[in-house]
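The values are calculated or read from the model by the stated rules, or taken from the named source; none is laboratory data. Computed from a predicted model, the values in this text were never measured in an experiment. Neighbour counts are summed over all protein chains in view; Cβ atoms, including those assigned to glycine, are modelled from backbone coordinates with ideal geometry. With ligands, DNA and RNA removed, areas are computed over all heavy atoms of the protein, side chains included. Shrake-Rupley method; radii C 1.70, N 1.55, O 1.52, S 1.80 Å.
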Amino acid sequence: MNHVLVLSNTHHIVKSLSLLIRTEPSLHVLDATRDVVRNINDLPDNTVIIVDMNLENMEPFIKQFSGKYRVVLYSGSLEIMDIPYHLQTSGYRYFNAYTSPEEIIKILLGCV
């Protein structure tokens, strides 16, 4: 089973993505409580972290755990150009608000 942690300051993004993730039986949503975020290096090794690109100071935060966990970037924008260049070149997976639910699940499962 893969674990998924959604990091966003926007409650409806966390809720919507969590509901979608729960439709896939092999994925388990981790609640982004303060304890989980504070102890982010103690997450299960098979954790995928979805990071909302509107999260303040996201780049240093991503660097903190990018070596240990898979990182997937999320944007509410249609424009892929919204992704900072150095994050684009690092090979992070990406989806936005217009990506189909099926494609998001594939990305999270690593099938794409």
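Checking LEU20 against (1) open to solvent by less than 90 Å² (accessible area, probe 1.4 Å); (2) in contact (Cβ under 8 Å) with a residue 24 or more places away in the chain; (3) in contact with a strand residue (DSSP E or B) (Cβ under 9 Å, 6 or more places away or on another chain), only one condition comes out false. Which one?
Every listed condition holds for LEU20 apart from (3).
Report yes if ASP35 is at pLDDT below 80, of a type in the set (Asp, Glu) and open to solvent by 80 Å² or more (accessible area, probe 1.4 Å), otherwise no.
It is true that ASP35 is at pLDDT below 80, of a type in the set (Asp, Glu) and open to solvent by 80 Å² or more (accessible area, probe 1.4 Å).
Inside region 5-32, can you point out the residues that are among the aliphatic types (A, V, I, L, M) and at pLDDT 95 or above?
Across region 5-32, the qualifying residues are LEU17, LEU19, LEU20, ILE21, LEU27.
If you take the residues in region 56-73 that are of a type in the set (S, T, N, Q) and farther than 16 Å from ASN9 by Cα, which one is modelled with the highest pLDDT?
Once the filter is applied, the top-ranked residue is GLN64.
If GLY76 satisfies every condition in (1) surrounded by 15 or more Cβ atoms within 10 Å (Cβ to Cβ); (2) modelled with pLDDT of 80 or more; (3) farther than 16 Å from LEU109 by Cβ but one, which is the exception?
So GLY76 meets the others, but not (1).
Could you give every pair whose Cβ atoms fall below 6 Å, whose first residue belongs to region 73-99 and is hydroxyl-bearing (Ser, Thr, Tyr), and whose second residue is open to solvent by 60 Å² or more (accessible area, probe 1.4 Å) and modelled with pLDDT under 75, counting only separations of at least 6 or pairs across chains?
SER75/ASP82; TYR98/LEU78
Working only within region 1-17, note down all residues that are buried (at least 17 other Cβ atoms within 10 Å of the Cβ) and either touching a helix residue (DSSP H, G or I) at 6+ places or on another chain (Cβ under 9 Å) or not aliphatic (A, V, I, L, M) (or both).
HIS3, VAL4, LEU5, VAL6, LEU7, SER8, LEU17
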